[in-house]
Amino acid sequence: MTITRVGIRMMVTTSSSSPTEATPDLVQMGFSDEMFATLVDMGFSVEMIARAIQENGPNAETSVIIDTISKYTSNSEASSSKSKAIDHFLGMGFGEEEVIKAIHEHGEENMEQILNALLPGVVSEAQKLPVVKEEDDINWSESDDEIDYSSLMISDDEKDPDSSLKNDNRLRSLVKMGFSQLDASLALERCGENVSIDELTDFICAAQMAREFKEFYADPEEQKPRHDVKKRRVEIKREPRASTDDEPVRLPNPMIGFGLPNEPGLITHRSLPEIVKGPPYFYYENVALAPKGVWETISRHLYDIPPEFVDSKYLCAAARKRGYVHNLPISNRYQLQPPPKYTIHEAFPLTKRWWPTWDSRTKLNCILTCTASAKLTNRIRLALEAHPGEPPKHIKKYVIDQCRKWNLVWVGKNKAAPLEPDEMENLLGFPRNHTRGGGISRTERFKSLGNSFQVDTVAYHLSVLKDMFPKGINVLSLFTGIGGGEVALHRLQIPMKTVVSVEKTEVNRNILKDFWEQTNQKGILVELDDVEELSNNKIEELMEQFGGFDLVIGGSPCNNLAGGNRVSRSGLVGEQSSLFFEYCRILEVVREKTARMRRS
């Protein structure tokens, strides 16, 4: 039913404490029926809407009204934090009396201590372990995961253990992440109450992508006339915004780039600036969930090419949300053979025997540079052993939350364990033992793998090069870690005549060198340990020596960009992520030198 101006007068008059003042303002000063109806549709109460309109005036923008209503909600949240904590633990299956007692003893903010206090019914006092915050053991500045986005974004598709505590703060959280009040409110209204923060951001970004990057996300329904009254009311007219560096990242949903292998709906043509059509080809990868403005800056510096966003969970058994800016053709792509394993049980069949029926995971989260501690896995074992058979609801929730967060797999009865380096190699598409040996420690293996390419995804994109370079390819590899690009080309059976690799970490250089020797490559490998060695003159000398470069492949170290990085998440101005601008410098020199070589 359409909300008319008379309806607004009646609703506000009924709800307002001073209707004689509120009603004339709304009707006579022209507050929009459409705006009021939209606010009602978003789920805001008539009382709050009327109060916000009175405070700001009927001519205020809708976003201002929403902001004011959010402040009312925020002010009321502090007084209800204890009740939220009670509701949280009641929802996990604990009794009300013991929950209230535990909260009184530990304070409503100390959720971990409250849970530990409630576990004597699950684990005996003698077995109970001290409170352990796994995050304290992590050097987040070295993590390339997406487990947290500005302390709010959770890992990929999985639900945060404390998501029920964040539900009431989701609107404010989305605004802090850079989304407008209006976009955030519409996402909450459309997606419902039980979705996670990352699903909401995907929804918002998909809508923004549909408006601005139509080649990535096109809705066939857009071309049809709209007759639904409610939809028309929700679609608010907005002034066009100029694109700035502060724009939030726009991610398609689903994150499948130009399509998946062996699936319908592939995009086989895109518009590229004329200046970048054809070789030399370039390919640049970075984390998809980067801070505001990062992807806009990357695209602007790479000839205004929009990124192709892909989550590797559609190509293997683990998620890895990445964006790729490149000038490669997109038709006639093909997948590596044999294809990767798509589910956890396919990748690790021995785990199936021990996998609980109540653990419904089929995919793992993003591969991290760190692993769960022995204390955590022992704590899980003790909690499950205390309940033979199927554990209670709250124990299952706790265990699954930790398994999702840390990519734990079941290796025995009640035994959840972190992935081993060789298992990570498998998930990321590297050959077995790619990072093993040569004095490389287990910790260094985890770090190198966590910051690497997902080979199957990259190979799918690079597969178009095979027919173009049947006699081999010259590659300039910049900051790519343990050689994910080189492994992809090798698995595609594209001969590498020359690879000039710039990689600061000695461990990674040694891994690439070992791979080159063990796979009996016939070409030349040149390894440089500092980008400063690659001056403009040096680039031209190398190009004259080897006949130019056909592919410039790179990826910034993600210390300053990763979603889980709470220490030095400084975007493209970070010490290592700023190497992106070195990538741009080097690429431009290669392109200019190539043009001169062709003319001569």
Suppose each label sits 7 Å from its Cα in the direction of the beta carbon; what would the N378-D401 distance come out to in nanometres? 2.2 nm
What ³J(HN,Hα) values, in whole Hz, does the Karplus curve 6.51 cos²θ - 1.76 cosθ + 1.60 give for region 354-371 when θ = phi - 60°, with x put for Gly and Pro? 9, 6, x, 5, 8, 9, 8, 5, 10, 10, 8, 6, 4, 5, 9, 8, 9, 10
Separation in nanometres of the label points that stand 7 Å from Cα toward Cβ, at S360 and E61: 4.1 nm
The answer for E308, listing residues at least 5 apart or on another chain whose modeled amide H is closer than 5 Å to its amide H, is Y324, V325, H326
Quick one: what are the phi-derived ³J(HN,Hα) couplings along region 474-483, Karplus 6.51/-1.76/1.60 with θ = phi - 60°, whole Hz, x for glycine and proline? 9, 10, 10, 10, 10, 6, 9, x, 8, x
Please give the peptides 104-116, 308-320 ranked by average Cβ packing (other Cβ atoms within 10 Å per residue), highest first, as a rough proxy for protection. 308-320, 104-116
Can you pull the percent of Cα pairs in region 472-543 with separation above 17 Å? 38 percent
Going by how many other beta carbons lie within 10 Å of each one, how would you line up R585, R596, R51, fewest first? R596, R585, R51
Could you give the Stokes-Einstein D for region 350-484 in µm² per second, using the C-alpha Kirkwood radius, 37 °C, 0.692 mPa s? 191 µm²/s
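Are there trypsin sites (Lys or Arg not before Pro) in region 507-558 that DSSP marks as loop and that have at most 15 other Cβ atoms within 10 Å, and which are they? Don't jump to the answer; show the numbers that get you there.
Values: sites: R509, K513, K522, K538; in loops: K522.
Passing both the DSSP loop test and the Cβ count: K522.
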Out of N414, N365, G472 - ranked by how far each Cα lies towards the positive end of the dipole of region 330-475, with unit charges on the beta-carbon of charged residues - the top one is N414
According to a simple spin-label model (label point 7 Å from Cα along Cα-to-Cβ), what is the distance in nm between K513 and N332? 3.8 nm
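Please report Y324, Y284 as a ranked list, fewest other C-beta atoms within 10 angstrom at the top and most at the bottom. Could the numbers behind the result be given before it?
Numbers: Y324 20, Y284 24.
Going from least to most buried by this count: Y324, Y284.
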Among the listed pairs K504/K593; K321/K393; K341/K504; K363/K393; K375/K397; K375/K504, which have their C-alpha atoms separated by more than 28 angstrom in this model? K321/K393; K341/K504; K375/K504
Could you put C366, C584, C403 in order, starting from the residue whose Cβ has the fewest other Cβ atoms within 10 Å? C584, C403, C366
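Could you quote the convex hull projected area for region 344-428, Cα atoms only and averaged over all directions, in nm²? Don't skip to the answer; put the middle values down first.
Values: hull surface 20.9 nm².
Value for region 344-428: 5.2 nm².
No lab work stands behind these numbers, since they all come straight from the coordinates. Because the structure is a prediction, the values reported are computed rather than measured. Backbone-built Cβ (ideal geometry, glycine too); neighbour counts: all protein chains shown.
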